[in-house]
Amino acid sequence: MTNPYAATPPMLLLIPGPVTTSAAVKAAMAQDFAPWDDSFRPLFAAVRERVLALAGVGPDSHATLPLQGCGHFAMEAAIRSLVAPSDGKLLIPLTGSYAIRMARLGREAGRHVVELAIPAGCPLDPQLVAAALAADPAITHVGLVYSETSTGVVHSPVDMGRVVRAAGRQMILDAVSAFGALPLDLSTQPEVAAAVFTSNKCLEGMPGLSFTVARRDRLAHAVPAGSWSFDLADIERHNSRHGSGLFRFTPPAQVLAAFRVALDEHAAEGGSTARLARYSSNARALYDGMLEIGLQPYLPREAQGPIVTNIHAPGDPAWSLPVFVAACKRRGFLISNFHDTPTPSFRVGCIGGVTPADMRRFVAAVDASLREMGVRERLPARRAA
Ligand SMILES: *Cc1c(COP(=O)(O)O)cnc(C)c1O
């Protein structure tokens, strides 16, 4: 079999997950494992503890609930397990398409979801949430997307948490594209009942594992999930009964082995602080580079987060997103082949095993691709007045 992404230097994924992984992370998968074996179980148990430490908490107050599969699965499990089907009510500030997805997960699980429209393109104003909570005492939980991967805007769980806590409610945090880079200290945020993330974004592991870090006291009062697969309390019961190194159902063992190496590399780099610094440098190199070659980033610099950047599509009639994506791919860079903004754009992930030097090479590749396509007008089409 030939490598479909053969390129020199190797193909970089500039998408906000799954991300470019290191050679050592990939190599850790090249082995067979029996998940129930005594040699494998300590690996899993250690991963669970290390994840808790990254969230700033320990095993007395919080539990790591791993689930096979992607981030949506963990988010569904958190909503099903914590928001009561009868008298629970989940408020979701509409930060972008991941908030809309969270709302859909809640509704399809039969939960009462209320959406809060907010101004686009800037961090969420906590006072809007405070007002919504004051107006509706029936709301039990707020669902917040920390880094909204559709817009690239970061919404502070600390600021939001303050108003949620003051109102005596709980928060479910989608930290999927944040955890491992953006700060998170759950020891100072008792209102966060659960935070959700995956192996394959800022932690730079392989896709296939999702995690929920949940407060033990909230888990003790978990509600009927209405699904065995997505029942966090059942995962926790299983762990306490059979020891912390055991999944309920067949785990992606190779993904877990790779994730352990990814956690080692995260620590060796200097933890979340160092990773955020590198991602921020990546995002800056990209933002500056796009301006230098005449392209227009979607967000003003002060609203732009370090995880993913949207760039306005050039207004030139020669522009075509699929042609552009293919041209970048031939030059060794894979970007998303869709856009997630109201007007045409392309999006570039700044996370994963990439550096500012890679971002500068990407800027050169974009420039060359646009020339090849005959795109002369690089500013966005002016929208009809
Ligand atoms: C990636 C992501 C998810 C989960 O996506 P999956 O494809 O299910 O892993 C959820 N929320 C945000 C903000 C994300 O970036």
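The values are calculated or read from the model by the stated rules, or taken from the named source; none is laboratory data. Since we're looking at a predicted model, the values are computed, not measured. Backbone-built Cβ (ideal geometry, glycine too); neighbour counts: all protein chains shown. These area figures cover heavy atoms from the full protein model, side chains too; ligands, DNA and RNA do not enter into them. Shrake-Rupley method; radii C 1.70, N 1.55, O 1.52, S 1.80 Å.
What do you reckon, is Thr212 under 21 Å from the mean Cα position of the chain (by Cα), within 16 Å of the ligand (Cβ to nearest atom) and closer than 17 Å to Val57 by Cβ? Answer is yes for this residue. Of everything in the range 151-180 that's away from the ligand (no atom under 12 Å from the Cβ) and in a loop (DSSP other than H, G, I, E, B), which residue is surrounded by the fewest Cβ atoms within 10 Å (Cβ to Cβ)? Result: Gly168.
When restricted to residues that are more than 24 Å from Phe179 (Cβ to Cβ) and in a loop (DSSP other than H, G, I, E, B), the range 299-319 contains 8.
Looking at the range 119-145 only, could you name the residues that are under 27 Å from Asp87 (Cβ atoms) and within 16 Å of the ligand (Cβ to nearest atom)? Of everything in the range 119-145, those that are under 27 Å from Asp87 (Cβ atoms) and within 16 Å of the ligand (Cβ to nearest atom) turn out to be Leu124, Val142, Gly143, Leu144, Val145.
Of everything in the range 320-358 that's assigned to a helix (DSSP H, G or I) and of a type in the set (D, E, K, R), which residue is surrounded by the most Cβ atoms within 10 Å (Cβ to Cβ)? Lay out the reasoning, then the answer.
As a first pass, look at the range 320-358 and keep what is assigned to a helix (DSSP H, G or I): 321-330, 356-358.
Next, from what is left, pick out any that are of a type in the set (D, E, K, R): 329-330, 358.
On the way: Lys329: 17, Arg330: 12, Asp358: 21.
The selected residue is Asp358.
Taking the conditions (1) among the hydrophobic types (A, V, I, L, M, F, W, C); (2) within 27 Å of Tyr279 (Cα to Cα); (3) out of contact with any helix residue (DSSP H, G or I) (no Cβ under 7 Å at 6 or more places or on another chain); (4) in a loop (DSSP other than H, G, I, E, B) in turn, Cys122 satisfies each one other than (3). Take Arg275 and tell me if it is on the phi < 0 side of the Ramachandran plot, at pLDDT 95 or above, open to solvent by less than 60 Å² (accessible area, probe 1.4 Å) and of a type in the set (Lys, Arg). Yes. Any chance you could count how many residues in the range 79-107 are away from the ligand (no atom under 12 Å from the Cβ), in contact (Cβ under 8 Å) with a residue 24 or more places away in the chain, out of contact with any Gly (no Cβ under 9 Å at 6 or more places or on another chain) and outside any loop (DSSP other than H, G, I, E, B)? Summing the residues that are away from the ligand (no atom under 12 Å from the Cβ), in contact (Cβ under 8 Å) with a residue 24 or more places away in the chain, out of contact with any Gly (no Cβ under 9 Å at 6 or more places or on another chain) and outside any loop (DSSP other than H, G, I, E, B) in the range 79-107 gives 1.
Regarding Arg41, is this residue in contact with a Pro (Cβ under 9 Å, 6 or more places away or on another chain) and at pLDDT below 95? Before the answer, list the steps.
Numbers: in contact with a Pro (Cβ under 9 Å, 6 or more places away or on another chain): yes; at pLDDT below 95: yes.
It is true that Arg41 is in contact with a Pro (Cβ under 9 Å, 6 or more places away or on another chain) and at pLDDT below 95.
Any residue in the range 198-208 that is touching a helix residue (DSSP H, G or I) at 6+ places or on another chain (Cβ under 9 Å), within 12 Å of the ligand (Cβ to nearest atom) and not in a loop (DSSP other than H, G, I, E, B)? Yes - at least one qualifying residue is present in the range 198-208. Checked against (1) among the small types (Gly, Ala, Ser); (2) closer than 22 Å to Pro123 by Cβ; (3) crowded, with 19+ Cβ neighbours inside 10 Å, Gly289 passes all but condition (2). Every condition in (1) surrounded by 15 or more Cβ atoms within 10 Å (Cβ to Cβ); (2) modelled with pLDDT of 95 or more; (3) out of contact with any Cys (no Cβ under 6 Å at 6 or more places or on another chain) holds for Ala381 except the one numbered (2).
Just so you know, in the range 64-78 the residues that are near the ligand (Cβ under 7 Å from one of its atoms) and buried (at least 24 other Cβ atoms within 10 Å of the Cβ) include one that is farthest from the chain's Cα centre (by Cα), and it is Met75.
Which of the residues belonging to the range 168-197 are β-branched (Val, Ile, Thr) and touching a helix residue (DSSP H, G or I) at 6+ places or on another chain (Cβ under 7 Å)? Steps first, please.
Filtering the range 168-197 down to residues β-branched (Val, Ile, Thr) leaves 172, 176, 188, 192, 196.
Selection gives Ile172, Val176, Val192, Val196.
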